[in-house]
Amino acid sequence: MRDFHDDDLDQAIQLWDQNGMDGRAVPVFPLSEVIAAVRTGEPAVVAAVGDELVGMAVARADGERAWVLVLALAAGWRQRGIGSDLLAELERRLRASGVRRISALLPAEATGTAALRNYGYRPRDGLVYFETLDHLPAADAGLLDALGGRVLPGGLWGSVAGMEREKEIVERRIVLPLKETELVEQYGVVPPKAVILFGPPGTGKTSFAKAVASRLGWPFVELFPSRLAAAGGPAGLAAALREAFADIGALESVVLFIDEVEEIASERSGVAADPGHMVTNELLKLIPGFRAHDEHLMVCATNSVRSLDPAFLRPGRFDYLLPIGPPDATARAAIWQRYLGRAADSVDLARLVEASELFTPADIEYAARKGSQAAFEREVAHRRGEPAATEDYLTAISEIRPTLTDQMISEFHEDMERYTRM
């Protein structure tokens, strides 16, 4: 029994392969983690007979806790007490570094479980092992970072409060065809590659795009037309678009989001010399290439769908044009409840919903925060133990100018009739 040496690595890998978990289960800690541990000086011991490695045990310490990453034995040297001896040596090193609790996580049938039991380790019943895996290839990680993109956390879909009608449409038309790949093939469904979300400002189009990326588990990249325009004039913007799409096209999977897409896809005047003509043409050329990738989805958002070039709206380029409208009373109630927190029990929710008719989700969030702040400051001043009241939030509502107007809503309903495609 001795410490692991750098020149043991080749034999250690062969031992890992030979051990192979007996083909009965996949190890929890992959070989890459084991190698990383030994190279960074984590406790690692081997059993050697002459120059031959017949067993190894590697752990990773974290404060008073340590995890056994691997306990591997050569096939011809099992059932001889070597596993227990390896554990004893590993424990001695771990205890010396201040570790008090040593845990091992192994598949039930893995080699090493017998040694752990024999050495006094006891399995714990009633535990469930959970794991999440980032499927982003290593080559994509650097490119994604350079593009300012990221893999969003799971659960964003549930954070889109209210808006149940819109969520149902987005779920059925966009998410499910991209997730249920086997059923899609079975039923001849063509998954969407590009969609437009249109509606008044502040209604949650960006939130929906991020929620879709979260549901799919794909990286999220947002292109900002205003930043691309900084490249210098229409020619510079067109070139910047080409470069950005070329980089994004190298990602294995991606949800590409372009907000305020009307800035780079406005209706062309028909005059070739028109500065906007060149940019819109360039974007129209780039979309087919983007659509050629399997796990690529483009989501464009606009507050003014009527200003987009007609060629941009054709079915061959965008599969769906989906309206994301202002929250109705049911949706506003759900949004209020989300942002009120505990205060929801002490206010008249129906009055807040009625008073916030022209409010977007962002407006409601601001009003809830403003009303809660007023109640907090009152309590700090007087210490009466009074909860936030309906009047706190009604006052906040009265002091906020709604994002929406009657004219915006009227135009949105007209756009729904004219442009919706789902």
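The values are calculated or read from the model by the stated rules, or taken from the named source; none is laboratory data. Keep in mind the model is a prediction, meaning the values are calculated, not measured. Quick reminder, even Gly has a Cβ in these numbers, built from the backbone with ideal geometry, and neighbours come from all protein chains shown.
From P30, P43, P107, grab the single residue that is out of contact with any Leu (no Cβ under 7 Å at 6 or more places or on another chain) and touching a residue at least 40 places away in the same chain (Cβ under 8 Å).
Selected residue: P107, the only one of P30, P43, P107 that is out of contact with any Leu (no Cβ under 7 Å at 6 or more places or on another chain) and touching a residue at least 40 places away in the same chain (Cβ under 8 Å).
How many residues are in contact with a Leu (Cβ under 9 Å, 6 or more places away or on another chain), under 19 Å from M416 (Cβ atoms) and polar (S, T, N, Q) when one looks only at region 321-349?
0
With of a type outside the set (V, I, T), modelled with pLDDT under 95 and closer than 30 Å to V261 by Cα as the only criterion, which of L321, L358 stands out?
Testing whether each residue is of a type outside the set (V, I, T), modelled with pLDDT under 95 and closer than 30 Å to V261 by Cα leaves just L358.
Can you find even one residue in region 50-61 that is surrounded by 15 or more Cβ atoms within 10 Å (Cβ to Cβ), in contact (Cβ under 8 Å) with a residue 60 or more places away in the chain and over 26 Å from F130 (Cα atoms)?
So far as region 50-61 goes, no, none of its residues is surrounded by 15 or more Cβ atoms within 10 Å (Cβ to Cβ), in contact (Cβ under 8 Å) with a residue 60 or more places away in the chain and over 26 Å from F130 (Cα atoms).
Return the total of residues in region 300-330 being assigned to a strand (DSSP E or B) and surrounded by fewer than 20 Cβ atoms within 10 Å (Cβ to Cβ).
Residues flagged as assigned to a strand (DSSP E or B) and surrounded by fewer than 20 Cβ atoms within 10 Å (Cβ to Cβ) within region 300-330 amount to 1.
For K210, work out the one condition from (1) touching a residue at least 12 places away in the same chain (Cβ under 8 Å); (2) surrounded by fewer than 17 Cβ atoms within 10 Å (Cβ to Cβ); (3) more than 21 Å from A292 (Cα to Cα) it doesn't fulfil.
(2) is the only condition that K210 fails.
Within region 166-219, count every residue that is at negative phi and among the small types (G, A, S).
Residues flagged as at negative phi and among the small types (G, A, S) within region 166-219 amount to 6.
Suppose the filter is aromatic (F, W, Y), more than 28 Å from the chain's Cα centre (by Cα) and surrounded by fewer than 19 Cβ atoms within 10 Å (Cβ to Cβ); does Y129 pass it?
no
Within region 325-332, does at least one residue satisfy the condition of being modelled with pLDDT under 95 and of a type in the set (A, V, I, L, M)?
Yes; the residues of region 325-332 include at least one that is modelled with pLDDT under 95 and of a type in the set (A, V, I, L, M).
Could you say which residue among G385, G371, G341, G325 is in contact with a Pro (Cβ under 9 Å, 6 or more places away or on another chain) and either under 24 Å from P201 (Cβ atoms) or small (G, A, S) (or both)?
Going through G385, G371, G341, G325 in turn, the sole match is G325.
Taking the residues in region 108-118 that are buried (at least 16 other Cβ atoms within 10 Å of the Cβ) and in contact with a helix residue (DSSP H, G or I) (Cβ under 8 Å, 6 or more places away or on another chain) as candidates, determine which candidate is farthest from L73 (Cα to Cα).
Applying the filter and picking the extreme gives L116.
I need the helices (runs of 4 or more DSSP H) fully contained in region 193-256, keeping only those with at least 1 residues that are β-branched (V, I, T).
205-216, 233-249
Look through region 235-284, keep the residues that are among the hydrophobic types (A, V, I, L, M, F, W, C) and surrounded by fewer than 16 Cβ atoms within 10 Å (Cβ to Cβ), and return whichever of them is modelled with the lowest pLDDT.
The selected residue is A273.
I'm checking my understanding of the structure. Among residues of region 23-49 that are among the aliphatic types (A, V, I, L, M), under 16 Å from A104 (Cα atoms) and surrounded by fewer than 21 Cβ atoms within 10 Å (Cβ to Cβ), which one is modelled with the lowest pLDDT?
The selected residue is A25.
For region 388-404, how many residues are of a type in the set (S, T, N, Q) and under 17 Å from T203 (Cα atoms)?
The qualifying residues number 1.
Identify all residues within region 358-390 that are loosely packed, with under 15 Cβ neighbours inside 10 Å and either touching a residue at least 60 places away in the same chain (Cβ under 8 Å) or not aliphatic (A, V, I, L, M) (or both); write none if there are none.
Scanning region 358-390 gives R369, Q373, F376, E377, E379, H382, R383, R384, G385, E386, P387.
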